[in-house]
Amino acid sequence: MSVCRLDRFALPMAAALMAICLAVPAAAQQSRAADVAAYQGADREQRLIDGARREGSLTLYSNAPTDDNTALIGAFERKYGIKVNLYRASSEDIRQRAMNEARARRFDVDFILNNGPAMEALTSEKILLEVKSPHVAGLMAPAIPAHRNWVGFCLNVLVQAYNTNLVKKADLPRSYDDLRDPKWKGRLAIEADDSDWFAGLLEKMGQERGTRLFREIAERNGFSVRKGHTLLTNLVSAGEVPLALTVFNYTAEQLKKKGAPIDWLALEPVVSMPNSIAVAAMAPRPHAAVLFFDFMLSDAQTILAGRDYVVTNTKVASPLDRNKLFVMDSAKTLKEGENWQRLYTQVITSRK
């Protein structure tokens, strides 16, 4: 047999052996993480603490605002002595990074905090792992998808914020229909990527009526389109935007408490989306990841409520009545997202 013939068979065989060598530890890692996430014994909490301290750290991917990440991570590190390594990015950047790393078989992330639709995308790729946490039982039903590979720890509620120096309370709209009034011409702003909020409004209003209404508002008064909810809220506070239609309630309230000339209202229907947490299926530090999962559904609920979030633990007070919130279906939003973004662009963001 020639050397060339040996090489022709040896190379594919070597590649196959390499794949097997990589797959075996990966499978063991996944099995280990699944065992930790599923454990429900009476000593569960102590097991998690002991295991997390052996692991020593946790890698977290989070879309939460910087100040809120700091508050959460600080509280966790003080309580357990576990170092948290944070990667903070947008929802879409986290989704893409997690997918790319999984496809490259690079398993660094332990814990992901992101919005519901992005988590649904990761669920479909089998990147997330169900955690049998006793704290899930205390959450509101819309925060718990049937597969339980992620759960909502809070609701991102989009409300309307206004500059108190530019808009009097007596002039505030009582419904979206009031925004057709000519007094709002050139005074309205909206976030560029809130097609999911628009989908929720139209689902409650009726698509034909809702589309007609917002086309009319756009034609009569126009929308200043801005990229980023934090930016939009800050522009209201700075007086560059009199009334913004889509800001997170907690951001507006936090600025208000700091003395900024900003306040907010919630026109009905009030649309919200779960912001969610999950343990990575291939988490290299599963005890720390599951411990952080429990923390986010217990201690962190009080911390976040104190920062004006609408948390999903029904025993913790909320700045908005949870029963009056329309919680979007994350799987449906992911499936229909492109169609809604196209309509949102046509009706709102493409107009000058």
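Can you give me the number of residues within the stretch 1-58 that are farther than 30 Å from L291 by Cβ, at pLDDT 55 or above and either hydrophobic (A, V, I, L, M, F, W, C) or surrounded by 15 or more Cβ atoms within 10 Å (Cβ to Cβ) (or both)?
Number of matching residues: 4.
Against the list (1) out of contact with any helix residue (DSSP H, G or I) (no Cβ under 6 Å at 6 or more places or on another chain); (2) surrounded by 18 or more Cβ atoms within 10 Å (Cβ to Cβ), the condition W150 fails is (1).
The strands (runs of 3 or more DSSP E) falling completely within the stretch 208-288 that include 2 or more residues that are over 20 Å from G152 (Cα atoms) map to 224-226, 243-248, 262-265.
Within the stretch 216-236, residues that are closer than 16 Å to S195 by Cα and touching a residue at least 24 places away in the same chain (Cβ under 8 Å) have Cβ atoms under 6 Å from residues that are among the polar types (S, T, N, Q) and assigned to a helix (DSSP H, G or I) in these pairs: V225/T349, counting only partners at least 6 apart in sequence or on another chain.
Given the condition charged (D, E, K, R) and under 30 Å from V311 (Cβ atoms), answer yes or no: does some residue in the stretch 158-171 qualify? Walk me through how you get there before you give the answer.
To start, the set of residues in the stretch 158-171 that are charged (D, E, K, R) comprises 168-169, 171.
Of the ones still in play, those that are also under 30 Å from V311 (Cβ atoms) are 169.
For the stretch 158-171, residues charged (D, E, K, R) and under 30 Å from V311 (Cβ atoms): present.
Yes or no, residue by residue, for (1) in a strand (DSSP E or B); (2) of a type in the set (D, E):
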{"site": "G152", "(1), (2)": "yes, no"}
{"site": "L155", "(1), (2)": "yes, no"}
{"site": "L166", "(1), (2)": "no, no"}
{"site": "L179", "(1), (2)": "no, no"}
{"site": "D193", "(1), (2)": "no, yes"}
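When the stretch 222-252 is limited to residues that are surrounded by fewer than 19 Cβ atoms within 10 Å (Cβ to Cβ) and charged (D, E, K, R), the one that is modelled with the highest pLDDT turns out to be E240. Listed here are the helices (runs of 4 or more DSSP H) enclosed by the stretch 31-129 that have at least 2 residues being touching a residue at least 24 places away in the same chain (Cβ under 8 Å) and within 17 Å of the chain's Cα centre (by Cα): 66-80, 91-103, 116-124.
Would you be able to say whether some residue in the stretch 197-206 is surrounded by fewer than 20 Cβ atoms within 10 Å (Cβ to Cβ), farther than 30 Å from M296 by Cβ and of a type outside the set (F, W, Y)?
First pass over the stretch 197-206, keeping only residues surrounded by fewer than 20 Cβ atoms within 10 Å (Cβ to Cβ): 203-206.
Remaining after also requiring farther than 30 Å from M296 by Cβ: 205-206.
Checking which are of a type outside the set (F, W, Y) leaves us with 205-206.
Yes, there is a match, as at least one residue in the stretch 197-206 is surrounded by fewer than 20 Cβ atoms within 10 Å (Cβ to Cβ), farther than 30 Å from M296 by Cβ and of a type outside the set (F, W, Y).
When the stretch 59-83 is filtered for residues that are of a type in the set (A, V, I, L, M) and touching a Phe, Trp or Tyr at 6+ places or on another chain (Cβ under 6 Å), only L60 remains. Look at the stretch 270-294: where a residue is assigned by TED's automatic domain parsing to the domain that holds Q29, no partner that is basic (K, R) and crowded, with 24+ Cβ neighbours inside 10 Å sits 6+ places away or on another chain with Cβ atoms under 9 Å. If you go through the stretch 115-137 and keep only what is closer than 22 Å to H287 by Cα and either surrounded by fewer than 17 Cβ atoms within 10 Å (Cβ to Cβ) or basic (K, R) (or both), you end up with K126, K132, P134, A137.
When F295 is tested against (1) of a type in the set (F, W, Y); (2) assigned to a strand (DSSP E or B); (3) within 18 Å of the chain's Cα centre (by Cα), only condition (2) is not met.
The values are calculated or read from the model by the stated rules, or taken from the named source; none is laboratory data. It should be emphasised that the depicted structure is a prediction, and the values quoted were computed from it without experimental measurement. Don't worry about glycine lacking a Cβ; one is built from the backbone with ideal geometry, like all the others, and counts go over all protein chains shown.
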